[in-house]
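Undergrad: A single structure is presented below for examination.
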Amino acid sequence: MSTGPGADSAPAPSTTTTMFSSLRIRNYRFFAIGALVSNTGTWMQRIAQDWLVLTLTGSASAVGITIALQFLPMLLFGLYGGVLADRLPKRRLLLVTQSAMAVTGLVLAALTITGRVEVWHVYLTAFALGLVTVVDNPARQTFVSELVGPDQLANAVSLNSANFQSARLVGPAVAGVLITAVGSGYAFLFNGLSFLAPIAALLLMRPAELHHAERAPRGKGQLREGLRYVSAHPELIWPIVLIGFIGTFGFNFPIWLTAFVHDVYDAGASTYGLLNALMAAGSLVGALLAARRGTSRLRILVGAAVLFGILEIVAAFAPAFWVFALAMVLVGMFGLTVNVTANSSIQTATDPAVRGRVMSLFMMVFVGGTPLGGPLFGWITDAYGPRVGLALGGAISLAAALGVGAMLARAGGLRLKVDLRRGHKHLEFVPKRGGQPVKRLPTAV
């Protein structure tokens, strides 16, 4: 990684990784504080938006359409956002995107508080927010490496997820109270104002302490260059494939949770907020455990994905509410482990010059699959019930995890060894007999 002017004055990144070691870096502390405030507002808006659409239409399919519209721009234009993130100064780019996201929240707040909101307004603002996210997501993901440097990157990625999930603990609970007391509009208002925090954090950072990455020059073929880079590295392409399957088919929680609350448990917005908070608690545990590890291993990614799929199937057929709630805590923990491990392993294995394009592809398949999975699972949930919808999502995620695990083992020249003797590892990957591994992956399988 090259450094820009003034970077030599930045404090050297600590080689010791503890659970919160990245927070010793001043610029990252500001980034994390601003993100915590805006993430809380984001979760409030997500809960309020889903419940508002369900209230206006009475349809899980409409919730799915809203989610699809929010993530459709990532599917259509995601790679272009990565090109911009590689080409432009990320700090200035984030000032623009965070301001634009604030505007979408304030517009929806004004429409809702004045009683003029219709479902097409929600669709339109969701799509507008998605357009901004196309650029904001890869810029924000890759800006982390400029804040902390390579030694603390895996830790900072994990702490970002812990930050997001901490906000998820607070946001849904506050949103549930606000919706019940005064309506959804004030949750949207809080979200719009919450972006003042990350904007202030970006302005207060010390540019001389950033670890500036080399920016890609303007030129033709940059999209193809990024795709060629990923296709040549199995340690990148197979985690991206796995996260695409899980994001498309396994992460349709707004549809499933609203349907379980409304149709199975006959409850209201406060119960929906509670379930989101419980999932967030599990996700927070997963993120902190990832931060403590400090490294990302592909075997952890595959193992967590297998457990994620199994737990979704278990949750789908839970006989009582408390069993369902407990299962969703574990789903949140392993789902977050999948996301963080894939994210940090891909970033650490990628050349900084193409990291924005690689991460945009990662985000495109992770959230860009929602326009396909959202309406599909909204229809399945409406037609066959939430239990069938959730079980099917878990089954597809499980099958994808097993398939990708097999491909990674093959790329690494490994086989699965089963040893049931006491005192021995019962399951482990070992080199195939009769030869060396085909390709040693940078992030160990």
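Undergrad: Quick one: which of ILE246, ILE255, ILE237 is at pLDDT 80 or above and surrounded by fewer than 24 Cβ atoms within 10 Å (Cβ to Cβ)?
TA: The unique qualifying residue is ILE237.
Undergrad: Additional query: Collect the residues in the range 50-98 that are polar (S, T, N, Q) and under 24 Å from GLY369 (Cβ atoms), keeping them in residue-number order.
TA: Within the range 50-98, THR57, SER59, SER61, THR66, GLN70, THR97 qualify.
Undergrad: Which of the following residues is of a type in the set (Gly, Ala, Ser) and over 22 Å from ALA399 (Cβ atoms): ALA304, ALA290, ALA342, ALA318?
TA: Result of the check over ALA304, ALA290, ALA342, ALA318: ALA290.
Undergrad: Anything in the range 302-316 that is of a type in the set (Val, Ile, Thr) and buried (at least 23 other Cβ atoms within 10 Å of the Cβ)? List them, or say none.
TA: VAL302
This table checks each residue for (1) among the aromatic types (Phe, Trp, Tyr); (2) surrounded by 20 or more Cβ atoms within 10 Å (Cβ to Cβ); (3) under 15 Å from LEU257 (Cα atoms).
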position: MET359; (1), (2), (3): no, yes, no
position: MET363; (1), (2), (3): no, yes, no
position: VAL367; (1), (2), (3): no, yes, no
position: LEU372; (1), (2), (3): no, no, no
position: PHE377; (1), (2), (3): yes, yes, yes
position: ILE380; (1), (2), (3): no, yes, yes
position: GLY385; (1), (2), (3): no, no, yes
position: VAL388; (1), (2), (3): no, no, yes
position: LEU392; (1), (2), (3): no, yes, yes
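To keep it simple, each residue is scored yes or no on (1) closer than 14 Å to VAL148 by Cα; (2) without any contact (Cβ under 8 Å) to a residue 60 or more places away in the chain; (3) among the aliphatic types (A, V, I, L, M).
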position: TYR28; (1), (2), (3): yes, no, no
position: GLY41; (1), (2), (3): no, no, no
position: TRP51; (1), (2), (3): no, no, no
position: LEU54; (1), (2), (3): no, no, yes
position: ALA60; (1), (2), (3): no, no, yes
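Undergrad: Give me a count of the residues in the range 287-312 that are closer than 20 Å to ARG168 by Cβ, modelled with pLDDT of 85 or more and of a type in the set (Gly, Ala, Ser).
TA: Result for the range 287-312: 1.
Undergrad: Just give me the residues in the range 182-205 being farther than 16 Å from PRO172 by Cα and part of a loop (DSSP other than H, G, I, E, B), in sequence order.
TA: PHE195, MET205
Undergrad: May I pose another question? Name the single residue, out of those in the range 259-301 being buried (at least 24 other Cβ atoms within 10 Å of the Cβ) and polar (S, T, N, Q), that is nearest to the chain's Cα centre (by Cα).
TA: SER283
Undergrad: Of all residues in the range 88-104, which are assigned to a helix (DSSP H, G or I) and either among the small types (Gly, Ala, Ser) or crowded, with 16+ Cβ neighbours inside 10 Å (or both)?
TA: Result: LYS90, ARG91, LEU93, LEU94, THR97, GLN98, SER99, ALA100, MET101, ALA102, THR104.
Undergrad: Taking the condition at pLDDT below 90, on the phi < 0 side of the Ramachandran plot, buried (at least 24 other Cβ atoms within 10 Å of the Cβ) and more than 20 Å from the chain's Cα centre (by Cα), does GLY176 pass?
TA: Yes.
Undergrad: Scan the range 127-150 and tell me whether some residue there is over 26 Å from ILE199 (Cβ atoms), touching a His at 6+ places or on another chain (Cβ under 9 Å) and in contact (Cβ under 8 Å) with a residue 24 or more places away in the chain.
TA: Yes, some residue in the range 127-150 is over 26 Å from ILE199 (Cβ atoms), touching a His at 6+ places or on another chain (Cβ under 9 Å) and in contact (Cβ under 8 Å) with a residue 24 or more places away in the chain.
Undergrad: Of these, LEU79, LEU84, which one is in a helix (DSSP H, G or I), modelled with pLDDT of 85 or more and touching a helix residue (DSSP H, G or I) at 6+ places or on another chain (Cβ under 6 Å)?
TA: LEU84
Undergrad: Let me ask something additional. Working only within the range 330-340, note down all residues that are at pLDDT 85 or above and touching a Ser or Thr at 6+ places or on another chain (Cβ under 6 Å).
TA: GLY332, LEU336
Undergrad: With VAL107, VAL157 as the choices, which residue is in a helix (DSSP H, G or I), at pLDDT 85 or above and of a type in the set (A, V, I, L, M, F, W, C)?
TA: When all the criteria are applied, what remains is VAL107.
Undergrad: Could you say whether any residue in the range 403-412 is surrounded by 22 or more Cβ atoms within 10 Å (Cβ to Cβ), part of a helix (DSSP H, G or I) and modelled with pLDDT of 85 or more?
TA: Looking for residues that are surrounded by 22 or more Cβ atoms within 10 Å (Cβ to Cβ), part of a helix (DSSP H, G or I) and modelled with pLDDT of 85 or more, one finds at least one in the range 403-412, hence yes.
Undergrad: Test ALA259 against the criterion of being in contact (Cβ under 8 Å) with a residue 24 or more places away in the chain and closer than 29 Å to GLY81 by Cα, and give yes or no.
TA: Spelling it out, it is not the case that ALA259 is in contact (Cβ under 8 Å) with a residue 24 or more places away in the chain and closer than 29 Å to GLY81 by Cα.
Undergrad: Here is a further query. Could you check, for the range 208-215, whether at least one of its residues is in a helix (DSSP H, G or I), touching a residue at least 60 places away in the same chain (Cβ under 8 Å) and among the small types (Gly, Ala, Ser)?
TA: Yes, the range 208-215 contains a residue that is in a helix (DSSP H, G or I), touching a residue at least 60 places away in the same chain (Cβ under 8 Å) and among the small types (Gly, Ala, Ser).
Undergrad: Right, another one. Take the range 31-60 and flag every residue that is more than 20 Å from SER283 (Cα to Cα) and either surrounded by fewer than 22 Cβ atoms within 10 Å (Cβ to Cβ) or among the aliphatic types (A, V, I, L, M) (or both).
TA: Residues satisfying the conditions are ALA48, LEU52, VAL53, LEU54, THR55, LEU56, THR57, GLY58, SER59, ALA60.
Undergrad: Go through the range 106-136 and give me each residue that's crowded, with 20+ Cβ neighbours inside 10 Å and over 20 Å from the mean Cα position of the chain (by Cα).
TA: Result: LEU108, ALA109, THR112, VAL117, VAL122, THR125.
The values are calculated or read from the model by the stated rules, or taken from the named source; none is laboratory data. All of these numbers come straight from a predicted model, not from anything done at the bench. Here Cβ is always computed from backbone atoms with ideal geometry, including for glycine, and neighbour counts include all displayed protein chains.
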